[in-house]
Amino acid sequence: MYDLLRNAMFLLSPETSHELGLDALGAMNRLHMSGLLAAKNVDEPKEFLGMNLKNAVGIAAGLDKNGDYIDALDALGFGFVEVGTVTPLAQAGNDKPRLFRLPEKQAIINRMGFNNKGIDHLVAQVKKRKSNGIVGINIGKNKNTPAEEAVNDYLICLEKAYEVADYITVNLSSPNTPGLRDLQFGEPLNRLLGQLKEKQTQLNNQTGLYRPILVKVAPDMEPSDIEQVGASFVKYGIDGAITTNTTIKRDAVQGLKHCDEMGGLSGEILLEDSTTALRLFKEVVGDNLPIIGVGGITKGEDAALKINNGADVVQVYSGFIYKGPKLISDCVEAIKRNKL
Ligand SMILES: Cc1cc2nc3c(=O)[nH]c(=O)nc-3n(C[C@H](O)[C@H](O)[C@H](O)COP(=O)(O)O)c2cc1C
């Protein structure tokens, strides 16, 4: 059934079909019809950073930027849902077109630019949800905030999201916000991590709640960068890492329509680079830092590969667009088989 819907949707522009697809999922959920599409046999509870996930396969950030479809995504069978990236103030994102499909490689290029309705809207949506699954909130900076004030944007979002989120992801790795990836390295990174940790401690003392902070990194890092970034995460007591975001490389899609569009590339062709970054990261952080493995998962074995290279749990995005909810069951099954 998903294949039929996808084929119809793919006749529309990627962004229109993205919006219509999510609205359709939301409507099906309200009509208690998600079961028609939902993944089967995905009840495989997994403990991760003190949270009880329904299974080890989550939906990655960027699909539900505003938290408008949490119940619908939960009903499809995802083990956890990450919403965002959200910024302090609502913003329109980049000009359209900004989303491109490369179906020959089950890939997507996007330069959405953190289009979102702002943190207040997202927090209200998370509070309103009916499902009881784990929800992570992925936070970023507004485009107009100067780089030297970026830390404030993250602190504002952390404070507002803290009580309603099960975990917080700090997104330093989108290629679509100028200067964002510079925060991933050296002194800017250490300053940001130090202040986030301080705020987390303060909020923990105020609320009695401990919300893990994970940082999401890019796949386009040299091994020496990974060493330095991983060491900083451990030094500042960051709770976990998400490897990885989209890539700015284009080698694997040369010659295909849209291959030269600016933005982040995701999907099947990201698997190798993203998993290499995961493995190197794991070598640096060892057992000090749990990891969510994401990037290029389009079949069950890819999820098992991530686990074998150091991920504790996984997320999917592009593969889900191409394959639908069956990808969740395939990944859950492959991870289970891998353990036996
Ligand atoms: C259209 C689109 C929008 C995205 N938006 C975000 C975002 O807002 N924040 C974020 O951290 N990652 C975002 N991502 C990256 C995904 O969460 C994921 O890290 C990346 O796509 C690699 O996984 P995949 O190969 O399974 O798609 C986006 C990806 C796509 C395709």
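The values are calculated or read from the model by the stated rules, or taken from the named source; none is laboratory data. As the structure is a computational prediction, the values presented were derived from the model and not from experiment. Using ideal geometry, Cβ is built from the backbone for each residue, glycine included, and neighbour counts are taken over all protein chains shown. Side chains are part of the model used for accessible areas, which takes the heavy atoms of the whole protein and leaves out ligands, DNA and RNA. Shrake-Rupley method; radii C 1.70, N 1.55, O 1.52, S 1.80 Å.
Thr246 satisfies every condition listed in (1) surrounded by fewer than 23 Cβ atoms within 10 Å (Cβ to Cβ); (2) among the β-branched types (Val, Ile, Thr); (3) touching a Leu at 6+ places or on another chain (Cβ under 8 Å) except (1). Selection of segment 163-194 for residues being away from the ligand (no atom under 16 Å from the Cβ) and within 14 Å of Asp239 (Cα to Cα) yields Asp166, Leu193, Gly194.
Results for (1) surrounded by fewer than 18 Cβ atoms within 10 Å (Cβ to Cβ); (2) hydrophobic (A, V, I, L, M, F, W, C), shown as yes or no for each residue.
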site: Val126; (1), (2): no, yes
site: Ile137; (1), (2): no, yes
site: Ala147; (1), (2): yes, yes
site: Thr169; (1), (2): no, no
site: Ser173; (1), (2): no, no
site: Pro178; (1), (2): yes, no
site: Leu183; (1), (2): no, yes
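Name every residue in segment 95-132 that is within 10 Å of the ligand (Cβ to nearest atom), part of a loop (DSSP other than H, G, I, E, B) and in contact with a helix residue (DSSP H, G or I) (Cβ under 8 Å, 6 or more places away or on another chain), in order of residue number. Selection gives Arg98, Gln106. With respect to Leu278, determine if the residue is crowded, with 21+ Cβ neighbours inside 10 Å and in contact (Cβ under 8 Å) with a residue 40 or more places away in the chain. The answer is no for Leu278.
Tallying residues that are within 13 Å of the ligand (Cβ to nearest atom) and over 17 Å from Leu180 (Cα atoms) within segment 83-94 yields 1.
Just so you know, in segment 242-279 the residues that are among the polar types (S, T, N, Q) and more than 18 Å from Glu222 (Cβ to Cβ) include one that is nearest to the ligand (Cβ to nearest atom), and it is Ser266. Of all positions in segment 23-44, none carries a residue that is closer than 23 Å to Lys96 by Cβ and at pLDDT 95 or above. Of the residues making up segment 92-111, those that are over 22 Å from Val314 (Cβ atoms), within 19 Å of the chain's Cα centre (by Cα) and open to solvent by 20 Å² or more (accessible area, probe 1.4 Å) are Gly93, Leu99, Arg101, Arg111.
No other residue among Gly300, Gly295, Gly319 is within 15 Å of the ligand (Cβ to nearest atom) and on the phi > 0 side of the Ramachandran plot apart from Gly295.
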